[in-house]
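The values are calculated or read from the model by the stated rules, or taken from the named source; none is laboratory data. The structure displayed is predicted, hence computed values, not measured ones. With ideal geometry, Cβ positions are generated from the backbone for all residues, glycine too; neighbour counts draw on all protein chains shown. Just the protein is used for accessible areas: all its heavy atoms, side chains included, with ligands, DNA and RNA removed. Shrake-Rupley method; radii C 1.70, N 1.55, O 1.52, S 1.80 Å.
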Amino acid sequence: TSLALPNGWQPEGITIGAGPYAYLGSLADGSLYRADLRTGTGKVISTGPGTPAVGLKLDPRGRLFVAARSFGARVVDARSGETLASYTLATATPSFANDIVLTPRAAWFTESYQPVLYGLPLGRNGELPAAGDVVRLPLTGDWVQSADGAINANGIARTPDGSALLVVQAGVGLLHRVDPATGITAAVDLGDAAPLVNGDGLLVRGRTLYAVQNRQNAIDVFRLAADGRSGVFQRRITDPAFDVPTTVAAYGGRLYLPNARFTTTPTSETTYSVTAVGA
């Protein structure tokens, strides 16, 4: 139920592909780590550039898309550890590129300090865009940006039918449905469910949404409408081993969450782990 990470790692993002391997980034220096879910062993596959690795996602071509706060984004070959491309995302400050979702046509990044999403458009065969082709999509409609310094857009996922994006606005606890063509947002009707304050990583499997609330040490589970416009609360998942979990990925019948331990002062000897719970 627990995977140990290197001391001092400072994890935040996690992603799992078709095989039993989890990939985790380091907030400390942007290094990338691969953990074997069967044995618990792992190794660093890419030494970081000294900038943070926040959200990350693995695509079917074995490429890791990495969000790097104010330092934009990079794409890394998960096999060789080679950096394939780097991108400047923000045109305004402050900036915090936070989490990522992959669609057939683009990689979308949330921006926690500005009301915008960043997109890396992908070619017909998954070709990466040129550095100047970054899409900057302003968020409009129901989206109301909170004051400077607050974490706004955080976790991101696709609706079950793939027609739109879901973005959690962490500071106010709202879940938004975003049209990726226009940036128009609509608040998702979650009924009488408690707000998703400190909402962090999102995961959609079928019509089930798993929404991590980091400082609550909890995952709220919802049954979504296919178009993502509404959802019904199902249950809350907690575990004594949670220590400010941030993001979530799934393999088989289990959910895997890195414990960021944001309430613990990080040192080079601070221990970190990934907690696995039943989905």
Most to least packed among 248-261, 164-177 [average Cβ atoms within 10 Å]: 164-177, 248-261
Counted charge near THR270, where neighbours are those whose Cβ lies closer than 15 Å (Asp, Glu -1; Lys, Arg +1): -3
Interchain or long-range residues, amide H under 5 Å from SER230's placed H: ASP189, ALA225
Virtual spin-label span in nm between ASP192 and ASP59, 7 Å along Cα→Cβ: 4.4
Estimated FRET transfer efficiency (ARG105, ALA130; beta-carbon r; R0 22 Å; 0.05): 0.90
5 angstrom amide H check on TYR21, placed H, neighbours 5+ away: LEU37
Backbone HN-Hα couplings from phi across segment 209-220 [Karplus 6.51/-1.76/1.60, Hz, Gly and Pro as x]: 9, 10, 10, 7, 10, 4, 7, 7, 6, 8, 10, 9
At most 16 other Cβ within 10 Å, DSSP loop - trypsin sites (Lys or Arg not before Pro), segment 32-88: ARG38, ARG61, ARG79
Estimated FRET transfer efficiency when R0 is 41 angstrom, pair GLU82-SER2 (beta carbons, to 0.05): 0.85
Rounded accessible area of THR1 (nearest 10 Å², 1.4 Å probe): 120
Percent carbon-and-sulfur accessible area, the chain, ignoring ligands, DNA and RNA, probe 1.4 Å: 50
For GLY81, net neighbour charge (Lys/Arg +1, Asp/Glu -1) across residues whose Cβ lies under 11 Å away: +1
Under 5 Å, built H, 5+ apart or other chain: amide partners of LEU84: VAL75, VAL76, ASP77
Residue-count net charge about ASN154 - beta-carbon cut-off 9 Å; Lys, Arg +1, Asp, Glu -1: -2
Segment 64-114-segment 161-236 distance, computed between alpha-carbon centres (Å): 21
Modelled label reach - ASP142, point 7 Å along Cα→Cβ, segment 87-131 residues with backbone N closer than 16 Å: none
